[in-house]
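See below for the structure under consideration.
The values are calculated or read from the model by the stated rules, or taken from the named source; none is laboratory data. Here the structure is a predicted model, which is why all the values come from computation and not from measurement. Here Cβ is always computed from backbone atoms with ideal geometry, including for glycine, and neighbour counts include all displayed protein chains. The area values use the complete protein model at the heavy-atom level, side chains included, leaving out ligands, DNA and RNA. Shrake-Rupley method; radii C 1.70, N 1.55, O 1.52, S 1.80 Å.
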Amino acid sequence: MAISTRFDTARVLASVLLPTLAKGVIVRRPGVMAAAEKVQSDTRAIDTMRKLRDRYGPEPVRLRITGRSVAVLVDPTDVGRLLEGSPEPFSLATKEKKSALKHFQPHGVLISEGQERERLRELNERALRPENVPVDAIVRDEADLLTRHVMSTGELTWDSFSQAWWRIVRRVVLGDGARSDDQLTDDLKALRENANWAFLHPKQRGLRERFQRRLDEHLARREEGSLAAQPGDLSGQVPHWLFAFDAAGIVTMRALAIGARGRNGILESARLWPTTPVILRESTKPTRWHGKWLPANTEFVVFTPFFHRDPDRLPYADRYAPEIWDGPRDPAIVPFSGGPGVCPGRDLVLATGSAMVDALSEHLSFPKLSTPLPGTLNHFALRMPATPMGTRVS
């Protein structure tokens, strides 16, 4: 098994893992995102990963970290194997993930195990079907208000988009009665900011109890036309649904910036700028890789920007290429993860994001980012001049 030198370990930590953590894994930090865009930190990280693969070959590269077995994957076939082998022998519930997500969703499927995971996985897959909610009608309702606002100001900003997006999310997940409950999602954001620090930040039980109490009041209505109307105990799962929809909003805003349309456009936005930049799995037993063994409890790291935009493998690495989603793809292009751990809300997210892009694009035209597309794109700073187009009913 390839073991990196101390220098290479330090370089991976300094240019790949620490910048990713600094930007915010659970919720993005605006200041750090601005700095990361300025220096194009993801482009630098991809370059470091290319050098790692070139130096050590295709087998997982084990970092020199005292007291831990941590292996970075550099081969796309290995990524496919890792994801297909979840949750056994590659568990999704890693130590880091548990410590972070327990701040706001201690009972979520993502950090559950065994039979409980199977039960919750089925509940999530059943509840998160697009046909359970009138997505198009909700999106068009809110997109119409956003379109009017953009026409009056002349530009689309992240702040205006985000406000409309969260109204959509609350209606989709909890119903029209939650449309204006900004406090609910503000409290969730505060809990997620704590979760960015994982075990380094004390848990704010009072804040979480207030959030959960407010959430349960909405869920108790079981409002028709929302995910809350689905059968089962949803209370422990909904925080993760709201969390995931935040990333979906970022993907959708970036899709507008590259002129994307439809589901393939949303997928391309997520390929170009993955909102899950690091996928973690932890082995439950020794595993064999390229003829060599790694011990049980090895943490495997998949840095998705590298696999999504590696110019050595992908001729379309830095351009908008929606056509790749119409046929077989590289096994390491996984904007919604993959295997048994693939995002159960994938189709719902694609339906919501594509509906938003299409609704806005019917009446507004935005300048497109030029190719080659940047490795790091700070969505907080996007200000997109808008030109009215077509016709709309006032």
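The table that follows gives values for the structure above.
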{"quantity": "Listed residues Gly341, His103, Trp166: farthest to the positive end of the dipole of the chain (Cβ charges)", "calculated": "His103"}
{"quantity": "Cα-centre dipole for the range 6-80 with unit charges at Cβ (Lys and Arg positive, Asp and Glu negative), debye to 20", "calculated": "320 debye"}
{"quantity": "Whole-angstrom gap from the range 188-252 to the range 293-313, using each part's C-alpha centre", "calculated": "30 Å"}
{"quantity": "Nearest-ten-degree value, helix 346-361 long axis tilted from longest Cα axis of the chain", "calculated": "50 degrees"}
{"quantity": "Prolate/oblate/rounded call for the range 1-127, Cα gyration tensor, a/c under 1.5 rounded", "calculated": "oblate"}
{"quantity": "Shape category assigned to the range 130-234 from the gyration tensor of Cα positions, a/c cut at 1.5", "calculated": "oblate"}
{"quantity": "Simple label model, 7 Å out from Cα along Cβ direction - Val278 to Arg210, nm", "calculated": "3.0 nm"}
{"quantity": "Equivalent ellipsoid dimensions for the chain as semi-axes, Å, which come from the Cα gyration tensor, largest first", "calculated": "34, 26, 19"}
{"quantity": "Heavy-atom SASA rank of Tyr56, Tyr320 (probe 1.4 Å, accessible area, largest first)", "calculated": "Tyr320, Tyr56"}
{"quantity": "Simple label model, 7 Å out from Cα along Cβ direction - Ser152 to Lys203, nm", "calculated": "4.4 nm"}
{"quantity": "Phe307 accessible area, 1.4 Å probe, all protein chains in place, Å² to nearest 10", "calculated": "0 Å²"}
{"quantity": "Given charges at beta-carbon only (K, R positive; D, E negative), |dipole| of the chain in Debye", "calculated": "1240 debye"}
{"quantity": "Accessible area per residue in Å² at 1.4 Å probe, computed on the chain", "calculated": "42 Å²"}
{"quantity": "Antiparallel bridge percentage (DSSP; both residues within the chain; nearest 5)", "calculated": "75 percent"}
{"quantity": "Hydrodynamic radius by Kirkwood, which averages 1/r over all alpha carbon pairs of the range 62-184, in angstrom", "calculated": "18.4 Å"}
{"quantity": "Positive dipole terminus of the range 7-77, leading residue within Ser15, Val32, Ala45 (C-beta point charges)", "calculated": "Val32"}
{"quantity": "Relative contact order %, the chain, counting alpha carbon pairs below 8 Å whose residues are six or more apart", "calculated": "26 percent"}
{"quantity": "Virtual spin-label span in nm between Asp312 and Ile65, 7 Å along Cα→Cβ", "calculated": "2.2 nm"}
{"quantity": "All lysines inside 22 Å of Lys292 as judged from Cα atoms, apart from same-chain residues fewer than 8 positions distant", "calculated": "Lys51"}
{"quantity": "For the chain, built as a Gaussian network whose Cα springs stay under 10 Å, the top-fluctuating residue of Ser269, Ser152, Ser91", "calculated": "Ser152"}
{"quantity": "Unsatisfied cross-links (Cα-Cα over 24 Å) in the set Lys97/Lys189; Lys23/Lys97; Lys23/Lys189; Lys97/Lys285; Lys38/Lys98; Lys38/Lys203", "calculated": "Lys38/Lys98; Lys38/Lys203"}
{"quantity": "Relative contact order computed over the range 298-394 (Cα-Cα under 8 Å; 6+ residues apart), in percent", "calculated": "27 percent"}
{"quantity": "Net charge dipole size for the range 266-394 [Lys, Arg +1 and Asp, Glu -1 on Cβ; Debye, nearest 20]", "calculated": "280 debye"}
{"quantity": "Where GluC sites (Glu not before Pro) fall in DSSP loop in the range 220-290, at most 13 other Cβ within 10 Å", "calculated": "Glu224"}
